[in-house]
Amino acid sequence: MIRDESLALLEWPRLCQQLAAFAATELGAGAARQLQPPQARAQSERLLAQTQDIRTLEAQLTEAQWSFAGIEAVGDTLERARKGSLLAPQEPLDVATTLAGVRRLRRMIESLEAGTVPAIAEVVAQLRTHPELERTIRHCIDEDGRVADRASDRLSELRAQIAALRERIERTLQQILQQHRSDIQDSIVTERGDRPVIPVKADCQGAIAGIVHDTSNTGATLYLEPQAVVGLGNQQRQYRRQERAEQERILRHLGQQIAAVKPDFDAVLEAATELDLATARAHYSDWLAATPPQLSDASAQDAIVLRGLRHPLLVWQAHREQGPAVVPIDIEIRPAVRAVAITGPNTGGKTVALKTLGLVALMAKAGLFVPAQEPVVLPWFERVLADIGDEQSLSQNLSTFSSHIRRIVRILDALPECGRGREAPLPALVLLDEIGAGTDPSEGSALAAALLRYLADRVRLAMATTHYGELKALKYQDERFENASVEFDGSTLAPTYRLLWGIPGRSNALTIAQRLGLAPEILEQAQQQLAGGSQAIDRTIAGLEAQRKQQERQAQEASEVLAHAEQLYGEMSERAAALRAREQALQQAREREIDEAVEAAKAEIAQVVRELQQGSKTGRDVQKATQAVDAIAERHRAQAPADAVQPGDYRPQAGDRVRIPRLDRTAKILSDPAQGNTVTVRFGLMKMQVPLSDIESLDGRKAAAPPPNPPSPAAEGLAPLTLDLRGSRIADARAQLETAIAQHPGPLRIVHGKGTGRLRQGVHAFLAEHPQIAQFELAPPEEGGQGVTIAHPTGEDALS
């Protein structure tokens, strides 16, 4: 089948082997080795989403580790249980650890916020892991894979009897060993065929009565069961037979329980395999430094973008097998292009470019990320078909040309007749290596051109390597065709393996032959045989390549200049931000110092108030002192720093040229000053906002600050301070009143509520005795009436 043949030609099985190396379980490794790209786009998108979800999950897991420990390939065990076969003790234990492992993975997924990893959450959403069966298995089978004594009372009783008999036999044999030291080879007790024996010298056989069960290789030692323990051994053997029967009964019962829920177990194994395979894809993609692809519709007008693309097998070879470094290639194909002809010298990398594109198209289909730079835009190809290499065979009478044609026929047969034409191509990628080779050049080039036109009418993309010059001209006859070439370094006479677009390549056959040591006289004669037209074409291509290299150098220089400008802009922006932050920090430090001084002064005033309560000073003195301190505080807050720049009479406008002294720059104002006392300026390539205080006119005049807003009439007087005492005890209310009177020189609006009136009476009694309260009265009905008291301090008239 041509699809399987194409997978082999693109070395897909090798990539699957590499993917299997990243699997954590035998289940995942087996699935990776047998991985087939899906035939539905929705399935490819689902696999890509799973790969991304694994990345997200592992990044968000902090305490637990995403691990497949305990998950075993128990498919054969489930099938044997279904058939009623007797299971070995380890097999049910593997089933139990697998259930526990999958349940642990599901808990990790469910521990994340809902919707974080929807693709893998769907995998485990409907699983039944039967914890009760797991507990039963662990009760019957211990961690060493043996049927535990606790599995049944009968088994525990039999093993206790066997242990007791073993102890009796051991004591009896030790006594015999002590009594017949001279007749034995070694003072040990061993077993032969489940029978207890001791090593007796062959010439002393008659000294100890018993049954000989074995002889050493030399014949010098007999393994004898003394007659004194034969009866005990027979009894022990019966108990052991009963023990085995009980163990078999327990294992058959466990097998029946496992078989009863086999469909659920099949789903558990399928989920474990899917999760392990998704994890392997994510880890392999991370190892490749790959990028998630954006899959576009083959009929959509989207370009193919693969920058810095690396062949994954060559990456493996470079890192794991000490191979040469991988040279990335760029593949950028316009939406209108349906066929690409890659030309250039042999061993230049044309075939590798074909294989790389085909392989990454398969990787994207199978849920793997693509080893290229972001963004990766790639159509979803339903079919990836390739003719690479040949099947030349003497036994089948196949030439190189015949083998290519036979494979191309199979490729064309795999493309259904659809008649959709140019606007709706088949979602297929066709890769042809050395198209039309192996026959007469004129006929081969004509056949190759016809084949590419046929494919351009039917498939999303066909890419072919060739040495035929006629195929290079197709680009200039049909917009659906494009040229690409592999670069050849004329100075080193060696390929660079870079893929160049828009320029046809030269085969450089004579140059390569010269590098490989062909005789100069032969090369000179060949050069004379070349037609002038061919030489002219080569000179034209060489000129185009020189222009391309010059453009690349100029683009690189422009990129460096732009990077330098961006770096300079960043540095200047950082300096400006640092200066603004420093000025702000200094201002805040000054304000903190003033606030601390004010708070200290008020603390002293509070001390004076406490002394006044003791009758040492008058309330009016305290009020005057408070007012004086507040006035001092306001004067300090209003003072500008000594080193502040005083505003001048210059009023900047949009379009003015100004100086910024702290940056030592001249700049152009782009907009009128904003309300926040800032202005937008530009110098060079940079644009930024600076405070008005940072700019001056070219003749040195400082910018004038906008006039401050006039104070509102409401701010000229002191508004009443509302103090809510409802729910307070009288003692607590008195303390709050004392603090409020000391800190607020204006009237107080005291909310005490109506209630029983006790709190109101306590407040009135306190106000009547306080030296700083001139008078107080109940509020008007519309402002609270009986529930509110208005208190006026002694200095209120002076303040107003």
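The values are calculated or read from the model by the stated rules, or taken from the named source; none is laboratory data. Model, not experiment: these values are computed from the prediction. With ideal geometry, Cβ positions are generated from the backbone for all residues, glycine too; neighbour counts draw on all protein chains shown. Just so you know, the surface numbers come from the protein's heavy atoms only, side chains and all, with ligands and any DNA or RNA stripped out. Shrake-Rupley method; radii C 1.70, N 1.55, O 1.52, S 1.80 Å.
Quick rundown of the values:
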{"quantity": "Number of the exception - Ala69 against (1) surrounded by fewer than 20 Cβ atoms within 10 Å (Cβ to Cβ); (2) among the hydrophobic types (A, V, I, L, M, F, W, C); (3) assigned to a helix (DSSP H, G or I)", "calculated": "(3)"}
{"quantity": "Failed condition for Asp797, given (1) assigned to a helix (DSSP H, G or I); (2) at pLDDT 85 or above", "calculated": "(2)"}
{"quantity": "Check on Tyr497, open to solvent by 40 Å² or more (accessible area, probe 1.4 Å), at pLDDT 80 or above and assigned to a strand (DSSP E or B)", "calculated": "yes"}
{"quantity": "Positions within region 407-424 being over 17 Å from Gly358 (Cβ atoms) and at pLDDT below 90, in sequence order", "calculated": "Pro416, Glu417, Cys418, Gly419, Arg420, Gly421, Arg422, Glu423, Ala424"}
{"quantity": "Wholly enclosed helices (runs of 4 or more DSSP H) of region 74-182 bearing at least 3 residues open to solvent by less than 60 Å² (accessible area, probe 1.4 Å) and outside the structural domain of Gln50 (by the TED database)", "calculated": "153-179"}
{"quantity": "Any hit, region 227-245, residues being closer than 30 Å to Gln50 by Cβ and either surrounded by 16 or more Cβ atoms within 10 Å (Cβ to Cβ) or over 24 Å from the mean Cα position of the chain (by Cα) (or both)", "calculated": "no"}
{"quantity": "Tyr239 being aromatic (Phe, Trp, Tyr), modelled with pLDDT of 95 or more and assigned to a helix (DSSP H, G or I)", "calculated": "no"}
